[in-house]
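Working notes for the structure below.
The values are calculated or read from the model by the stated rules, or taken from the named source; none is laboratory data. Owing to the predicted nature of the structure, the values given are computational and were not obtained by experimental measurement. Cβ atoms come from the backbone with ideal geometry, glycine included; neighbour counts cover every protein chain shown. Ligands, DNA and RNA are stripped out before the accessible areas are found, and what is left, the full protein with its side chains, is counted by its heavy atoms. Shrake-Rupley method; radii C 1.70, N 1.55, O 1.52, S 1.80 Å.
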Amino acid sequence: MIHLSQAAIREVIRLRSKQPSQNALFRLGVTPGGCSGLSYTIAFVTEMTEQDQVQECDGIQVVVDRESLKSISNLSIDYSEDLMGGGFRFHNPQATAHCSCGHSFSVADAG
């Protein structure tokens, strides 16, 4: 299950309001890359694939593909702004290491 703080929900709603389609879904994923091996991805989409799963968090539909979900199940996302800028903050209980910016991480091999 993906968890969004109230601040993250407000930011997703704000960003979605700027999308061409008001039916845009919040996509969360993982791609290879970054300092620690995997990077979080966020986008708004209007289409899904057979590999996608939808989770609802306080009215926000979060789309995650099955492969990404292996690395981010139980992920908590917060949003904050400070003097150095704002952004989403990821808290991943599966991460075994992460870079200092918090957008790149690694997980233990399941094999």
For the chain, set up a GNM with springs between Cα atoms under 10 Å and report which of Gln61, Gln94, Gln22 has the largest fluctuation.
Gln22
Counting only residues 5 or more apart in sequence or on a different chain, those whose built amide H sits under 5 Å from that of Val62 are Gln55, Glu56, Cys57
For Rg/Rh (Cα atoms, Kirkwood Rh), the listed values are (i) 1.04; (ii) 1.01; (iii) 0.95; which was obtained by calculation from the structure presented?
(iii)
Charge dipole (the chain, unit charges on Cβ, about Cα centre) - positive-most of Met84, Ala7, Val45:
Met84
Accessible surface of the chain [probe 1.4 Å, protein heavy atoms]: carbon and sulfur percent:
51 percent
What do the square roots of 5 times the Cα gyration tensor eigenvalues come to for region 1-55, in whole Å, largest first, as semi-axes of the equivalent ellipsoid?
21, 15, 12
For Leu75, other-chain or 5+-apart residues with amide H closer than 5 Å (H placed, Pro excluded) are His3
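Length gain on complete extension for the stretch Ala43 to Ala108, per 0.36 nm per residue less the alpha carbon to alpha carbon distance?
Working: separation 65, 0.36 × 65 = 23.40 nm, distance 2.58 nm.
Residue separation times 0.36 nm, minus the Cα-Cα distance, leaves 20.8 nm.
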Just the number, please: percent antiparallel of the DSSP beta bridges in region 1-63, rounded to the nearest 5.
85 percent
The chain - charge dipole about Cα centre, Lys and Arg +1 at Cβ, Asp and Glu -1, debye rounded to 20:
200 debye
Length gained, Arg10-Glu50, 0.36 nm per residue minus C-alpha separation, equals 11.6 nm
Karplus-derived 3J(HN,Hα) from phi for region 84-94 (6.51 cos²θ - 1.76 cosθ + 1.60, θ = phi - 60°), whole Hz, x at Gly and Pro, runs 8, x, x, x, 6, 10, 10, 10, 10, x, 8
Accessible area per residue of the chain at 1.4 Å probe, in Å²?
60 Å²
